Amino acid sequence: MKTVRAIALLALICCPLLPSAAEPVTVALRDHGRALLNPGMGWTMHFYSNLTEHYGSKLEPSDTLEWFEGCSVVYLRLPWAFLEPSEGDFRWSLVDTPAQRWISRGKKVAFRFTTSENWLEYATPRWVEQAGAKMVRYTFPGGPAPDGAAADPVFDDPVYLAKLRNFLRAAGERYNGNPDVAFIDVGTFGLWGEGHTLMTQRLKPEENERLARIHIDLHKEYFPDTQLVISDDVIGPETPGDDFPLMRYCRERGISLRDDSILVQPGEKAYFHAELARAFWPELPVVLEHEHYGNTRKSGSWNGETLLRSVEEYHASYLSIHWWPEIEWRENVETIRAVNRRLGYRIVIPELTFPAGIVPGVPFEISIRAGNAGVAPPYRDLFPAYTLTDERGGIAGVLVDETLNFRRLPVGPAGRTPLTKHVSRLTLDARAPAVKPGRYTLSVSVGRRDGNPEIALPYDGGDSRNRIPVGSVEILKEPR
């Protein structure tokens with residue numbers, strides 16, 4: 001009898017992956033094709049687009065664009081003068097009010113603080129000039145003019161920089177490292193915060209670059225723990241090329257690229273820096289902003305296929321809603337939905353194989369085919385987790401495989417997602433908490449190392465925590 005038990009024990013040790021005589025179960029999961037609201041990606045709503053009247057002013061306080069599929073971020077672009085109308089008098093409610101509407105729905109906020117606007121005489125507060133900062137008058141788009149309607153700061157004036165530092169310090173205390181902030185633009189240099197002076201002071205390229213570095217460093221100083229992005233226009237809106245010293249300077253500091261000029265012009269001039277994006281997107285999220293939709297429609301520059309192509313070529317994680325949202329949605333539903341199937345990342349697990357029975361303490365395997373059907377990585381570590389729940393929905397077991405990081409999955413062209421086959425070798429601990437024999441629902445999710453689901457998967461039937469049930473597993477006392 002002892003010999004029989006010894007042989008059985010030896011068989012269990014040598015062949016631990018067969019707890020049940022039943023054939024493993026293979027299930028196929030079908031992508032539902034809808035938008036996913038996941039961290040680090042999505043449409044960004046221009047609630048304030050320089051002017052406070054654009055484009056969120058008509059939205060009800062309860063309207064956070066749940067109906068605009070894929071909208072995940074409210075974007076607030078405002079001149080410094082609105083946020084600090086007198087020195088030390090900060091009007092944060094101007095941004096915190098719309099921000100909290102979105103945040104309360106589980107969404108994010110993004111900012112740009114500008115100091116140069118052609119439509120406003122003083123985007124930099126007038127009190128800064130009164131404190132002794134030098135200003136340059138200009139006529140838009142002609143350039144410097146003593147009687148110009150707008151005043152630009154001298155971007156390295158010591159008084160201006162001292163006052164700007166105080167503002168950015170206050171903003172940094174509120175928003176740096178804030179988990180509800182998706183990104184912040186380096187926006188205090190150049191017209192509209194885009195980093196150029198072509199239609200204002202008309203600075204030489206080398207001077208433009210020198211000043212831009214000052215403002216890049218200021219943002220990095222006060223927002224060291226926040227994703228920063230900078231407009232491609234800082235090196236020239238139409239400057240060809242894929243390698244610039246200033247953009248390398250940004251990349252080395254973890255500052256990513258945004259292109260504010262998509263579809264300003266039609267055809268081959270719809271955008272200029274997709275090649276430049278290659279240096280950024282493998283490690284940092286790229287942001288795209290299309291021209292004001294109504295303007296492009298009026299000029300004939302708007303083209304849905306071109307917009308989608310820009311997402312593909314830039315490997316974009318974010319894309320703007322740059323008009324009255326109900327109009328942009330109504331007139332472009334199919335384009336928006338096509339963008340949503342590619343924008344950012346889209347983790348797919350089209351096939352999963354698991355055992356019909358599991359014995360606590362005995363290793364077993366779950367095999368999956370997985371891929372990223374989006375255009376960009378998730379830029380965060382993500383791991384598969386397998387959860388066992390009882391008939392009441394109670395969690396009986398959570399098993400995470402840290403040998404598969406979805407962050408490293410390659411991306412491919414539309415309709416040709418590269419799939420990786422991966423085998424997870426797992427063990428349901430036999431000690432505690434005890435799991436009674438019986439049938440349990442097996443679910444798959446993707447998230448943190450601790451098994452906390454962090455992203456939505458494109459499958460129906462998931463619970464409120466993005467766990468997708470894939471089948472039934474029997475917990476056995478011992479191998480059959």
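The values are calculated or read from the model by the stated rules, or taken from the named source; none is laboratory data. A quick note: this is a predicted structure, and the numbers were derived from the prediction, not measured. As a convention, Cβ positions derive from the backbone with ideal geometry for all residues, glycine included, and neighbour counts pool all protein chains shown. Accessible surface is based on the protein model in full, side chains and every heavy atom, while ligands, DNA and RNA are left aside. Shrake-Rupley method; radii C 1.70, N 1.55, O 1.52, S 1.80 Å.
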- Item | Residue check for Thr420: closer than 30 Å to Ser310 by Cα, of a type in the set (Ser, Thr, Tyr), in a strand (DSSP E or B) and in contact with a Leu (Cβ under 9 Å, 6 or more places away or on another chain) | yes
- Item | Residues located in region 459-474, provided they are of a type in the set (S, T, N, Q) and farther than 22 Å from Ile358 by Cβ | Ser464, Asn466
- Just give me the residues in region 464-480 being under 25 Å from Arg407 (Cβ atoms), part of a loop (DSSP other than H, G, I, E, B) and in contact (Cβ under 8 Å) with a residue 24 or more places away in the chain, in sequence order. Arg467
- Item | Failed item, numbered, when Val435 is tested on (1) at pLDDT 95 or above; (2) of a type in the set (Val, Ile, Thr); (3) open to solvent by less than 50 Å² (accessible area, probe 1.4 Å) | (1)
- Note on the structure: Of the residues in region 96-143, those that are of a type in the set (Lys, Arg) and under 30 Å from Pro39 (Cα atoms) number 5
- Message: The conditions are (1) in contact with a Phe, Trp or Tyr (Cβ under 8 Å, 6 or more places away or on another chain); (2) closer than 26 Å to Ala182 by Cα; (3) open to solvent by 10 Å² or more (accessible area, probe 1.4 Å), and Glu312 fails exactly one of them. Which is it?
- Response: (1)
- Looking for whichever is buried (at least 22 other Cβ atoms within 10 Å of the Cβ), modelled with pLDDT of 95 or more and out of contact with any strand residue (DSSP E or B) (no Cβ under 6 Å at 6 or more places or on another chain) here; the options are Val339, Val333. Which one fits? Val339
- List the number of the failed condition for Trp119; all other conditions in (1) in a loop (DSSP other than H, G, I, E, B); (2) in contact with an Asp or Glu (Cβ under 9 Å, 6 or more places away or on another chain) hold. (2)
- Query: When you go through Arg126, Arg174, Arg165 one by one, which is the residue that is within 25 Å of the chain's Cα centre (by Cα) and over 25 Å from Asp260 (Cα atoms)?
  - Reply: Arg174
- Filtered residues of region 342-365 (kept if surrounded by 15 or more Cβ atoms within 10 Å (Cβ to Cβ) and either among the polar types (S, T, N, Q) or at positive phi (or both)): Gly344, Thr353
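Working only within region 20-69, note down all residues that are among the aliphatic types (A, V, I, L, M) and in contact with a helix residue (DSSP H, G or I) (Cβ under 7 Å, 6 or more places away or on another chain).
Result: Ala35, Met45, Leu65.
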- Take region 391-403 and flag every residue that is within 19 Å of Ser472 (Cβ to Cβ) and open to solvent by less than 60 Å² (accessible area, probe 1.4 Å). Gly393, Gly394, Ala396, Gly397, Leu399
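Across region 369-390, what is the number of residues that are in a strand (DSSP E or B) and more than 26 Å from the chain's Cα centre (by Cα)? Spell out the reasoning first.
First pass over region 369-390, keeping only residues in a strand (DSSP E or B): 369-372, 383-389.
Right, trim to more than 26 Å from the chain's Cα centre (by Cα) and you get 387-389.
Selection size over region 369-390: 3.
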